[in-house]
Number of protein chains: 2
Amino acid sequence: MNQEIWTIGELARTFGITTRAIRFYEHEGLLHPERDGQTRIYRPRDRVRLKLILRGKRLGFSLSESRELINMYSPDADNRDQLEALLDKIDDRRRQLEQQKRDIAAMESELNEVEQRCRDALAERA
Amino acid sequence: MNQEIWTIGELARTFGITTRAIRFYEHEGLLHPERDGQTRIYRPRDRVRLKLILRGKRLGFSLSESRELINMYSPDADNRDQLEALLDKIDDRRRQLEQQKRDIAAMESELNEVEQRCRDALAERA
DNA sequence: TTTGACCTTTACGTAAACGTAAGGCTTGTT
DNA sequence: AACAAGCCTTACGTTTACGTAAAGGTCAAA
């Protein structure tokens, strides 16, 4: 398991997803595993991509958003316009992450309130 | 606009969504506006709920997850078991938010790296 | 009075993200 | 030799979260 290649089933077990999901990500152009005959072979590169996809999902990203992010990490930008467009996208993402941090903070403080009320109710009935 | 009641169209404009979406949230049991004849009337309570729904969406929550959260805020829990189940749910949510914060931090540092490489590439071609 | 801007319900359509067979090839084990 | 495990492709089904008409009621301004 500590090697540099994995089967689709190994990755599925590792990340708690189905092989169907992994094949679907490939179909959507997010993964490009090699092949040994028919069988897919996953190297660290695609394993990292899979991690990025799952992280994106935990943050509510769609697969196409994750694809854009992944493409940002391995950019094919070679002219000034593309590079500046990339910088703009980076800023957009940052702004979204800032918004998410605000949302998380708000939700956390509300959870604190609810917990307090909940504990008060439990104390009353003691 | 600074009153205590709103129409569905006003809310839609305010939050940049469609009236269809708002009606859908009601159909899914997340909103319960009053009626003036046929016409829906929204008071602060449902406006707050709508805000919570949209915040949940920004964090990648499904509507049923948002519904659960909203129900946590206005709990009908009256016995010990329900209250303790509620505390467990609060803990689950907190853990998820912690994970999201880690994910955001990782993504931010990666965005920093990409930006740096991007700026380097722009400098080279100056 | 008729037009426009709202509101309503009902209902079919759609994109995303897989789930779930069905059928078949390979390969190691009993 | 036969069976289980794991891989493959193809393809139809499902859930979520709305979009998009269609058909109609209300009400104020022109």
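The values are calculated or read from the model by the stated rules, or taken from the named source; none is laboratory data. Every value quoted in this text rests on a predicted model; they were computed, and no experiment measured them. No Cβ is skipped: glycine too gets one built from the backbone with ideal geometry, and neighbour counts run over all protein chains shown. Only protein heavy atoms, including side chains, enter the accessible area calculation; ligands, DNA and RNA are left aside. Shrake-Rupley method; radii C 1.70, N 1.55, O 1.52, S 1.80 Å.
Solvent-accessible area lost on pairing A with B (1.4 Å probe, both sides summed) amounts to about 4100 Å². Only alpha carbons enter this Debye calculation for chain B, each as an equal point scatterer, and the log10 of I(q)/I(0) it gives at q = 0.21 Å⁻¹ is -1.17. Across the range A:1-74, the convex hull enclosing all Cα atoms gives 91 Å³ per residue. On chain B, 47 percent of the accessible area sits on carbon and sulfur atoms, based on a 1.4 Å probe. A simple charge model with +1 on the Cβ of Lys and Arg, -1 on the Cβ of Asp and Glu and nothing else charged puts the dipole of the range B:1-61 at about 280 debye relative to its Cα centre. Rounded to the nearest 500, the helix-only mean residue ellipticity at 222 nm of chain B stands at -23500 deg cm²/dmol, with each DSSP H run of n ≥ 4 adding -39,500 (n - 2.57).
Here, the range A:78-126 is characterised by an Rg to Rh ratio of 1.52, where Rg is the alpha-carbon radius of gyration and Rh the Kirkwood radius. Here's the picture: charge each Lys and Arg Cβ at +1 and each Asp and Glu Cβ at -1 in chain B, and of B:11, B:74, B:29 the one pushed furthest to the positive end of that dipole is B:11.
Using the 1.4 Å probe convention, the accessible area of the protein assembly as shown works out to 59 Å² per residue with neighbouring protein chains retained.
Mean projected area of the convex hull spanned by the Cα atoms of the protein assembly as shown, taken over all viewing directions: 20.2 nm². Helix A:63-73 and the long axis of chain A differ in direction by around 70°, with both axes built from C-alpha atoms. Helix B:44-58 and the longest principal axis of the Cα set of chain B meet at an angle near 30°. Suppose we compare each residue of the range A:36-80 in its chain alone and in the full protein complex with a 1.4 Å probe; which ones drop by at least 40 Å² of accessible area? Residues of the range A:36-80 that lose at least 40 Å² of accessible area once the other chains are added: A:55, A:58, A:59, A:73, A:80.
Treating each Cα of the range A:41-82 as one equal point scatterer and applying the Debye formula with no solvent, the log10 of I(q)/I(0) at q = 0.15, 0.28, 0.31 Å⁻¹ comes out as -0.42, -0.94, -1.03. The HN-Hα couplings worked out from phi for the range B:15-21 by the Karplus form 6.51 cos²θ - 1.76 cosθ + 1.60 (θ = phi - 60°) are 9, x, 10, 9, 5, 4, 4 Hz, whole numbers, x standing for Gly and Pro.
Under a 5 Å amide H cut-off, with hydrogens placed 1.01 Å from N, residue A:41 pairs with A:34, A:35, A:36 among residues at least 5 apart or on other chains.
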